[in-house]
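The values are calculated or read from the model by the stated rules, or taken from the named source; none is laboratory data. Bear in mind the structure is a predicted one, so any value in this text is a computation, not a measurement. Ideal geometry is used to build each Cβ from the backbone, glycine not excepted, and the neighbour counts take in all protein chains shown.
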Amino acid sequence: MTTAPSRTSNHTKTLHLIHIAMFAALMAVGANISAFLIIGGVPITLQTFFAILAGILLGSRKGAFAMIVYAFIGLAGVPVFAGFSGGMDTIISPTFGFIVSFVLIALASGWVAKKFPTRTGFVVAALVGLAINYGFGTNWMYAAYKLWFAAPEGFTYQMAWAWMAVPLPKDLILSVLAGLFAFRLRPIIQKYN
């Protein structure tokens, strides 16, 4: 009776790189599936969904690294951000805080999912990620409009949050689905790690 050969260190590292690259690519796709629909100053995307999945499925470190790779690809000028944009000038855009939040989403959702590896724990991890996305991204957007970007007439903190109320139902549903999908997919991903 023979046993399957154990995975080599190089094989495992290669799989990790593939997973990181896959989630960076999924972020680019998620940024532009529906990004031409813009409410206020916020494009409607699927990026939060994929950032949550990256954190839970890859773990907080690798998930965050995938989001960093995605951010650097966009900052290098590749049009992977919402609306097929990219470049260093994105840093001063009002929505750059959402891009930064993707790293934090992956870190937090991966950490919560590791601490609570149940279906409910994964859904909570996803909702924690969503809260970080909205909290960090919306506050960055408000600060950007008030400090260095031309704010719309009569722009207030309440208006910034009102813009976020439009995609909130979609993001809540997708976050719960991300937690449930991750719960089903994580054993498959871990089998190959």
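Every condition in (1) within 18 Å of the chain's Cα centre (by Cα); (2) touching a residue at least 24 places away in the same chain (Cβ under 8 Å); (3) within 26 Å of LEU17 (Cα to Cα) holds for VAL112 except the one numbered (2). Candidates GLY121, GLY97, GLY129: the one that is assigned to a helix (DSSP H, G or I), surrounded by 22 or more Cβ atoms within 10 Å (Cβ to Cβ) and of a type outside the set (Ser, Thr, Tyr) is GLY129.
Inspection of the range 49-61 identifies at least one residue that is under 20 Å from GLY135 (Cβ atoms) and of a type in the set (Val, Ile, Thr).
Summed over the range 153-170, the residues that are surrounded by 12 or more Cβ atoms within 10 Å (Cβ to Cβ) and of a type outside the set (Phe, Trp, Tyr) give a count of 9. Scanning the range 144-153 for residues that are in a helix (DSSP H, G or I) and modelled with pLDDT under 90 gives no hits. What number of residues within the range 154-193 satisfy the criterion of being more than 30 Å from THR8 (Cα to Cα) and in a helix (DSSP H, G or I)? Residues flagged as more than 30 Å from THR8 (Cα to Cα) and in a helix (DSSP H, G or I) within the range 154-193 amount to 22.
Restricted to the range 69-89, and to residues there that are within 17 Å of GLY137 (Cβ to Cβ) and among the aromatic types (Phe, Trp, Tyr), the residue that is surrounded by the most Cβ atoms within 10 Å (Cβ to Cβ) is TYR70.
Would you check if ALA66 is surrounded by 21 or more Cβ atoms within 10 Å (Cβ to Cβ), modelled with pLDDT of 95 or more and over 19 Å from PRO169 (Cβ atoms)? Spelling it out, ALA66 is indeed surrounded by 21 or more Cβ atoms within 10 Å (Cβ to Cβ), modelled with pLDDT of 95 or more and over 19 Å from PRO169 (Cβ atoms).
Taking the range 87-116, which residues are small (Gly, Ala, Ser) and farther than 18 Å from GLY129 by Cβ? Can you show your working first?
Here is the first cut: in the range 87-116, the ones small (Gly, Ala, Ser) are 87, 93, 97, 101, 106, 108-110, 113.
If the condition is that a residue be small (Gly, Ala, Ser) and farther than 18 Å from GLY129 by Cβ, then GLY87, SER93 are the ones that fit.
For residues in the range 153-166 being over 16 Å from GLY97 (Cα atoms) and touching a residue at least 60 places away in the same chain (Cβ under 8 Å), which is farthest from the chain's Cα centre (by Cα)? Among those that are over 16 Å from GLY97 (Cα atoms) and touching a residue at least 60 places away in the same chain (Cβ under 8 Å), it is MET159.
Close contacts from the range 173-193, counting a first residue that is within 11 Å of ALA125 (Cβ to Cβ) and in contact (Cβ under 8 Å) with a residue 40 or more places away in the chain and a second that is part of a helix (DSSP H, G or I) and of a type in the set (Gly, Ala, Ser), with Cβ to Cβ under 6 Å and a gap of 6+ residues or different chains, come to SER175/ALA126; ALA178/ALA126; GLY179/ALA126. Contact map, the range 83-94: first residue farther than 18 Å from ASN32 by Cα, second residue of a type in the set (Phe, Trp, Tyr), Cβ cut-off under 8 Å, separation 6 or more or different chains; pairs are ILE92/TRP148; ILE92/PHE149.
Considering only the range 44-92, how many residues are within 26 Å of PRO117 (Cβ to Cβ) and part of a helix (DSSP H, G or I)? Before you say what the answer is, go through the steps one by one.
Within the range 44-92, the first condition is being within 26 Å of PRO117 (Cβ to Cβ), and the residues that meet it are 46-70.
Narrowing further to those that are part of a helix (DSSP H, G or I): 47-58, 60-70.
Final tally of qualifying residues: 23.
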